[in-house]
Each structure stands twice: as C-alpha cells, then as structure tokens.
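The values are calculated or read from the model by the stated rules, or taken from the named source; none is laboratory data. This is a predicted model, so every value here is computed, not measured. Backbone-built Cβ (ideal geometry, glycine too); neighbour counts: all protein chains shown.
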Amino acid sequence: MAANYNTLDDFLGRMAPESAQQLMLAFVRNLDKGVGKDSLEDAVDVAGSYASIDDPKMSKLVVHEVQNQLQQAKTVGNSKKFNIYEILKTLFLSMDPKNKIDLSTSLGIGPVYFMPIKDLEDTSGRIIIQQFTYGDADGNANYRNFMSAVNRAGWKSTSNKYWSTVSSTSGTPITIYTNKPLDELQALDDKAQQALDDYLIEKDLHPTMVLHRGHSYYLPTTIKQLVPSARVVLLGSCGSFQSLSDVLNKAPEAQIISSKQTGVGNLNLTLIMGILNTLKKGQDLNWVKMWSGFEKKLSSDNRFVDYVPPYENLGAVFYMAYRKLQESEQEKEDSMEADKADISINN
C-alpha cells in the first residue's frame, strides 16, 4: 500500500532497520502461492514497489532475495515460481542503466519505452481516442479546459447532446470522443458515456487511447468501460497506480500513465496535449524522451514527481511478461500434443 502511494521509503524509515528488512523479505517471498484470478496480485505489487525504493541497501536486499527465491525454484523444479522470480529479476536489474537490459528483448514483449504510432492507428490510418469525464464541478472544469486547449490548438470540434467530437485538421488523422460532463446527481454523465459507448460500437470504432479525467471514485466506472483495443491509458485520478491490474485485465496490451498520489487536472492536460502534438507530427510516443520534457515543463509543480510513465510501471510490465510467457508455454504444449496425435495416427 505504501509503495502504491510513493511513500514506501518513509514507511520503512519509521521502523528499526532489522524490522524493515524482515518486512521486505516477507513481502518478496511466496509469490507463487496465489490462486485464482488474482493469483499474480502479490507479484504485481512487488514489481510495482521496486521503483519506489530509494535506499540502495534495501534495493540490493530485494534483488538478493529474488535471486534466492529463483534458486529455490530451480532446486525444487517449481516452474510457476521460477517464471515469477525470473521476470522480477530481469525487471529489477533493468532499473540500473549499467546492466543495459532491454525489457522488450529480454522478456519477449512489445515495446516498453515507446508506443509505435502504427499500433494506435486503425486500418484507415486514423487514431481513435476516448475521454471519460464526469458531472461534478471538477469534471466540468476538466472538460472546459480540454475543449479550450484543443480549440486554441486549431482542432475542429462538434457536439451533440451527449458528447463532443474533436478532430485534427492537419498531420495524422486523430479523432477524440469525449462525453459531456452532464449532471452526476441525475446520473446523466453515466447516460452520456453509455450513449457514446453505443455509438462507437455501432460505427465499429475502436479506441486505442483512453483518457480518464475524473476523481478516484469514478475510476472503476471508466475501467468497466475499457476496451481491449486500448494501447495507451492515462489514469488522471489520485492513487490510480493501485488500479494497474484492473486496467490490464480489460486491456492486456495497454501502456499506462498513472499517479501514486494526487492526480491534477492541469498536469493531466499538459500530458494529453503533449501526446496529441507528438502524434499529430506522425511520431512514435518515445516515453523516455517525452517524460524528460514533461519533467522540465512541470518542474514547478512537485506533484508531478508522483506520476509514473509506462516504462516505470513495473507491475504492468510484469503482468504483460508473465501473460506472454504463459501463452508461449501453452503453444508449446499444444504443439507437443499435436505431434503426439500425428505419431499415433501414423502408427
């Protein structure tokens, strides 16, 4: 929990050193014991927490314990345990630039440090984006500020009763659908979102980018409506880092921007406009380069330090890597079964 709110070092610092070490060791052990649909939840939490550790001694302790658990898995032949700790080892070692580990290559997954623009385009070359807004005062402010920003930037906008459509007028074809933040007390914002969802389905439009513009208590509603086609998801609410697993269960290939503490409307808008400007130019989303630019631009707001770019969302990367490994192992099993069947028939 402390890691999810970027307060892990402070939490551990309040303990005696031995107690803090024992707590972290217990946290890292037995990650293969989970069962059911949430069987990886603890492993995802451990992966996500590592980036929050600033104490080099504690980081070294965690890596050492992961390697111990990996060796135990080899000794007893526990494949699930081996896979979990092998991925964690790769993730944690990749955080040190001296190790020169490319996660995409090492884990056999899609890009982590960038999002190819071609993966966001539909068959016609257009990028479809869906933005969720809510009908409270902050939601109305977010909507107004967004519409003002895109209009100033020369985008074309049209509106109907339930949503607005914003389209680029030059460069890469991009269309953003954002529901109107209608009165939440009458559940009209829900009605607007449902009307937009129905329209997108009817027109066979598949958003590859999703923007959540609401408080944390609205986030489950946005996640419930996430589509598998989403490849970039911006969670602009407080503590949204806690919801990575929920997002990936709906959109398994999503790269996620989240916040460990306070989500801020103007910070979110800066990120959104930066992303849109990059895509309009026909460029891939190079997260490392873009994040460096955001850090400089937003350096006066110390709340931005709690925002997490996709390549530092290690919990999300772990989830994708483990799922990819399972798919690969299943393909091998299916191939072996097919070979056995062929041999049986030939005999």
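Can you tell me how many residues within region 190-211 are of a type in the set (D, E, K, R) and in contact with a strand residue (DSSP E or B) (Cβ under 7 Å, 6 or more places away or on another chain)?
First, the residues of region 190-211 that are of a type in the set (D, E, K, R): 190-191, 197-198, 202-204.
Retained after the next criterion (residues that are in contact with a strand residue (DSSP E or B) (Cβ under 7 Å, 6 or more places away or on another chain)): none.
The total comes to 0.
Of the listed requirements (1) within 27 Å of residue 287 (Cα to Cα); (2) part of a helix (DSSP H, G or I), residue 54 misses just one: (2). If you go through region 52-72 and pick out every residue that is within 18 Å of residue 322 (Cβ to Cβ) and in contact (Cβ under 8 Å) with a residue 24 or more places away in the chain, you end up with 2.
Counting only residues that are crowded, with 16+ Cβ neighbours inside 10 Å and within 23 Å of residue 199 (Cα to Cα), region 120-141 holds 15 of them. Which of the residues spanning region 237-282 are touching a residue at least 40 places away in the same chain (Cβ under 8 Å), over 20 Å from residue 111 (Cα atoms) and of a type in the set (Gly, Ala, Ser)? Scanning region 237-282 gives 239, 259, 263, 265. State yes or no: is residue 280 at negative phi, surrounded by fewer than 14 Cβ atoms within 10 Å (Cβ to Cβ) and either at pLDDT below 90 or assigned by TED's automatic domain parsing to the domain that holds residue 154 (or both)? For residue 280, the condition - at negative phi, surrounded by fewer than 14 Cβ atoms within 10 Å (Cβ to Cβ) and either at pLDDT below 90 or assigned by TED's automatic domain parsing to the domain that holds residue 154 (or both) - is not met. Can you spot a residue in region 116-125 that is part of a helix (DSSP H, G or I) and either under 30 Å from residue 191 (Cβ atoms) or among the hydroxyl-bearing types (Ser, Thr, Tyr) (or both)? No.
For residue 231, the test of being touching a Gly at 6+ places or on another chain (Cβ under 6 Å), closer than 16 Å to residue 272 by Cα and assigned by TED's automatic domain parsing to the domain that holds residue 274 is failed.
Here's the yes/no breakdown for (1) in contact with a Leu (Cβ under 8 Å, 6 or more places away or on another chain); (2) without any contact (Cβ under 8 Å) to a residue 24 or more places away in the chain:
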{"residue": "119", "(1), (2)": "no, no"}
{"residue": "130", "(1), (2)": "yes, no"}
{"residue": "138", "(1), (2)": "no, no"}
{"residue": "162", "(1), (2)": "yes, no"}
{"residue": "179", "(1), (2)": "yes, no"}
{"residue": "185", "(1), (2)": "no, no"}
{"residue": "206", "(1), (2)": "yes, no"}
{"residue": "217", "(1), (2)": "no, yes"}
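Of all residues in region 305-326, those satisfying the criterion of being in a helix (DSSP H, G or I) and hydrophobic (A, V, I, L, M, F, W, C) are 305, 314, 316, 317, 318, 320, 321, 325. Within region 65-112, the set of residues being part of a helix (DSSP H, G or I), more than 14 Å from residue 32 (Cβ to Cβ) and among the hydrophobic types (A, V, I, L, M, F, W, C) comprises 91, 92, 93, 103, 107. With the requirement that a residue be surrounded by 15 or more Cβ atoms within 10 Å (Cβ to Cβ) and either in contact with a strand residue (DSSP E or B) (Cβ under 7 Å, 6 or more places away or on another chain) or not in a helix (DSSP H, G or I) (or both), what does region 147-166 give you? Result: 147, 150, 155, 162, 163, 164, 165, 166.
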